[in-house]
Amino acid sequence: MRIIFMGTPDFSVPALCALAEAGHEILAVVTQPDKPKGRGKEVSMSPVKVKALEYGFPVYQPVKARDPEFVKLLTDLKPDVMVVAAFGQLLPKTILEIPKFGCVNIHASLLPKYRGASPIQYAVINGEEISGITTMMMAEALDTGDMLDQETVVLDKKETGGSLHDKLGKIGGSLIVKTLKKLEDGTAVLQKQNDADSCYVGMIKKNMGDIDWSMDAVSIERLIRGLNPWPSAYTDWNGRVVKLWDADVVEKEYEGVCGQVVESGKDYLVVKTGKGGLSIKELQLQGKKRMEIGAFLRGYQIENGTVFKHM
């Protein structure tokens, strides 16, 4: 098929590769404009742009995809289908109506649950046992179009936002190839979403990682995993920011205030929460490397009674 591919982050790359390897004709790749990144503010290309240039595909980076000139450019390419995977802009009706087979979105949840920008992180944060990929026809409202195919994945006990992201990216690549084959040969079955079963999840913000120790230990442990690798969960230790990368739930109730260190030894540290305790396994002091708790405690003394604080 003649395809225009629209995507930006790492999640989108496996789908672009799968479509190319399946022999589809990639007419153009559309991605977000280059942005300054890092401390040096050097201009950085999106992962999709990097991969597209490796393949030699034409790349377009509109500030606003809805601009009439850009819509005309897409129209003139005469695509059979547009494939969209985490592009980063809402597409207007003028674009959705261009392709012969419509615009197909690769969404990282089992719709209708978790519409919106951060379904991967919230699947972990909310303790879901399964997640997956949905391919769907795009509509003007966000993630509301008719579903085409779904594939599920079981979350590991220690699943993180990062590990689930990588799994779903690969699944998205294989599933979109199957979906396009069905569209092309006329065997695709459209299924409407039940809006009553939907929920919307917005953008992840950095301050979401600020741990509220009055929450129960199970919720905090999920938060730590869900926000790994970005923006990460963190807390205040004597005026210094400490990121928490791994922890285990301790099903035991403790005296003291929430956030207080209630058990400690040469290689373990347990913090009281609103319900239960949290045994910290891996952490990172601001400006330092990530460390296992035993290595950290050999360099820094944290006594019982120390209180980690909500910032």
So which GluC sites (Glu not before Pro) in segment 220-311 are both in a DSSP loop and have at most 16 other Cβ atoms within 10 Å of their Cβ? Glu251, Glu253, Glu255, Glu303
Kindly provide the helix-only [θ] at 222 nm of the chain, computed as the sum of -39,500 (n - 2.57) over DSSP H runs of four or more divided by all residues, to the nearest 500 deg cm²/dmol? -7500 deg cm²/dmol
Give me the aspartates and glutamates in straight-line cross-link reach of Lys100: C-alpha distance below 18 Å, same-chain residues under 8 apart excluded. Glu25, Asp76, Asp80, Glu140, Asp146, Glu184, Asp185
Kindly put Thr75, Thr144, Thr187, Thr179 in sequence by how many other C-beta atoms sit within 10 Å of each C-beta, fewest to most. Thr187, Thr75, Thr144, Thr179
At a 10 Å Cβ-Cβ cut-off, how would you order Phe87, Phe5, Phe57, fewest neighbours first? Phe57, Phe87, Phe5
With each label point set 7 Å from Cα along the Cα-Cβ vector, what nm distance links Glu303 and Leu285? 1.7 nm
Exactly which trypsin sites (Lys or Arg not before Pro) in segment 202-271 are in a DSSP loop and have at most 16 other Cβ atoms within 10 Å? Lys205, Lys252, Lys266
Debye intensity ratio in log₁₀ form over the Cα atoms of segment 207-299, taken at each q of 0.18, 0.20, 0.24, 0.25 Å⁻¹: -0.74, -0.93, -1.35, -1.45
Debye, to nearest 20: dipole size of the chain, +1 on Lys, Arg Cβ, -1 on Asp, Glu Cβ: 840 debye
Relative to 2.2 N^0.38 Å, what does the C-alpha radius of gyration of the chain come to as a ratio? Two decimals please. 1.15
Taking a crude spin-label model, label points 7 Å out from Cα along the C-beta direction, the Arg2 to Asn207 distance in nm is 4.9 nm
May I ask for the net charge around Pro62, where only other residues with Cβ less than 15 Å from the Cβ of Pro62 are counted and Lys, Arg are +1 while Asp, Glu are -1? +1
Helix by helix through the chain, keep the DSSP H runs that span 18 Å or more along the axis on Cα and average at least -0.5 on Kyte-Doolittle, and give those back in order. 161-185
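Read the figures in this text as sums done on the coordinates, not as results from a lab. Keep in mind that this is a model prediction, so the values were computed, not measured. So basically every Cβ, Gly included, is an ideal-geometry build from the backbone, and we count neighbours across all protein chains shown.
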